[in-house]
Amino acid sequence: MGFVLSVFYFVVYYLTPATVFGPLAAYRIELILAGLIVIVSLPVLPKSFILKTPQSLALIGLAFAVFLSILIEVRWPGGAVHGFLGFIPNAFAYYLVCLHCNSKRKLQVLVVMLLFVCFFVIGHGYVGMLRGVSEETVPQGGAVGAQLESGPTDNSYLLRQLTSNQEWIYRLKGLGEIDDPNDFAQLIVCVVPLTFIFWRQRRTLENIAFVILPVCVLLYGLYLTHSRGGLLALLAIAVVAVRPRIGTIPSVLLAGGLFAGAMAVNFTGGRDISAGSGSDRTALWGASLQLLKAHPFFGVGFGGLPGYLGLTAHNSVAVCAAELGSFGLYFWSLFLLPTMRAALEIASSAAVSEGEPIVAEKGLYHAAWKIEAVDKAEINSLGRLVLLSLTGFLTAGWFLSRAFVVTLFLLGGMAEVVYEMALQRGMIAPRLRLTRALPYAGILAIALILLMYVMLRTLNLVR
């Protein structure tokens, strides 16, 4: 029951309560759903591995960082409570996956859910393009870049945008938290590698039906977003995926060829990818670092960056640092560090051994992990898929303000679930201890800020 409700919770999150419940959304049914999930999750919590992960402490720290950033910097207790309650549903995703997703089959169901969400949005946007988009809606406001304007259309899944060549393009987007072409593109690039969880050796027809065709639909949807960040994230996934087989230099050359091909088919809709075209975005990065310098401990307040800059920073690290300060960035790094370590470990054939079958006493939570026979090759395969998905998310996130979204915490939960599958089978070393994770997270937080600083200085020299 808990797993089914959790999957439904994710669908509601991505497609919005109004889409799922229609007029009933006015009664806040999503809150009732969340309450039911909490009730059915409580009995599972004491027996779960979730309390052993550094990420659990990190999310608690992030929640307090959100609360304190508004309470201390904005001095608004009501807003602090509102921000805290707004963050909790996103962080909730990590706990739901770790508590209720304890097998490969359930991981596959999660991927099916993500595919359904992507196909739902792609289908609605494509139908809208076939029917034609009304030209009566006048674009309002502006997008990043002095030469660009964007505005709504009569289709909720399409955004009209003016390129630097004074040509209108229509970009596919979702609703709610993915109500932006770039945000939806980020979700797509995360789902593309996960789709290969259905790949089976020597099953050509099944692989075509359940892997190749869905991936083609996803890539077409990514094309319809015309997202430059999405394209770069896809290329990053390609490099990481093929590098172990063909080496670093050939994989980079392959990515370069794919990039040239994408530009030849007008993948970005005529929008350039260059240091000059992203000058306004990097200016926002620099302004965000200045805000961190002025508000070093608790930032300017959760969600408060547009009030200072007029726009968000279009970089997940910059947003986290500027809005939550060094306190919040530390806990964000404390979530990211063990998550990436877990993904790298389970993806490594050297770190994973053959292991032993699980033998658990009746009534123990570990007994749930022996239902499926999973060998080393399968753990490595699952680990690589999660690692590629995280690679896509973080690459796109370098150009998006997506530090606190469900997708990150859902992927973090998937990484820990696969790690637990290996751990319970004696295939891998114990998790990184909290006493080691705490100082490493501080080092990572400093490294991320230094990386942003070096990038900004380098780009300024190039321009």
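The values are calculated or read from the model by the stated rules, or taken from the named source; none is laboratory data. Predicted model only: the values in this text are computed from it and were never measured. Glycine also receives a Cβ, built like all others from the backbone with ideal geometry; neighbour counts cover every protein chain displayed.
List of remarks:
- Hits in segment 17-44 (condition: hydroxyl-bearing (Ser, Thr, Tyr), more than 10 Å from Gly2 (Cβ to Cβ) and surrounded by 12 or more Cβ atoms within 10 Å (Cβ to Cβ)): Thr19
- When each of Ala294, Ala322 is tested for being out of contact with any Gly (no Cβ under 7 Å at 6 or more places or on another chain), among the aliphatic types (A, V, I, L, M) and free of Cβ contacts under 8 Å to residues at least 40 places away in the same chain, the lone residue that passes is Ala294.
- For segment 168-183, the count of residues that are of a type in the set (Val, Ile, Thr), touching a residue at least 40 places away in the same chain (Cβ under 8 Å) and in contact with a strand residue (DSSP E or B) (Cβ under 9 Å, 6 or more places away or on another chain) is nonzero.
- Conditions (1) outside the structural domain of Leu410 (by TED's automatic domain parsing); (2) modelled with pLDDT of 90 or more: number failed by Ile60: (1)
Rundown of residues vs (1) of a type outside the set (A, V, I, L, M); (2) in the same structural domain as Gly125 (by TED's automatic domain parsing); (3) part of a helix (DSSP H, G or I), yes/no style:
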{"site": "Arg171", "(1), (2), (3)": "yes, no, no"}
{"site": "Gly174", "(1), (2), (3)": "yes, no, no"}
{"site": "Gln186", "(1), (2), (3)": "yes, yes, yes"}
{"site": "Cys190", "(1), (2), (3)": "yes, yes, yes"}
{"site": "Phe196", "(1), (2), (3)": "yes, yes, yes"}
{"site": "Gln201", "(1), (2), (3)": "yes, yes, no"}
{"site": "Leu205", "(1), (2), (3)": "no, yes, yes"}
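- Here is the figure for segment 415-426: residues that are in contact with a helix residue (DSSP H, G or I) (Cβ under 6 Å, 6 or more places away or on another chain) and surrounded by fewer than 24 Cβ atoms within 10 Å (Cβ to Cβ) total 1.
- Subset of segment 206-238 [among the β-branched types (Val, Ile, Thr) and under 17 Å from the mean Cα position of the chain (by Cα)]: Thr225, Ile237
- Leu68 vs. criteria in the same structural domain as Pro89 (by TED's automatic domain parsing) and under 20 Å from the mean Cα position of the chain (by Cα): no
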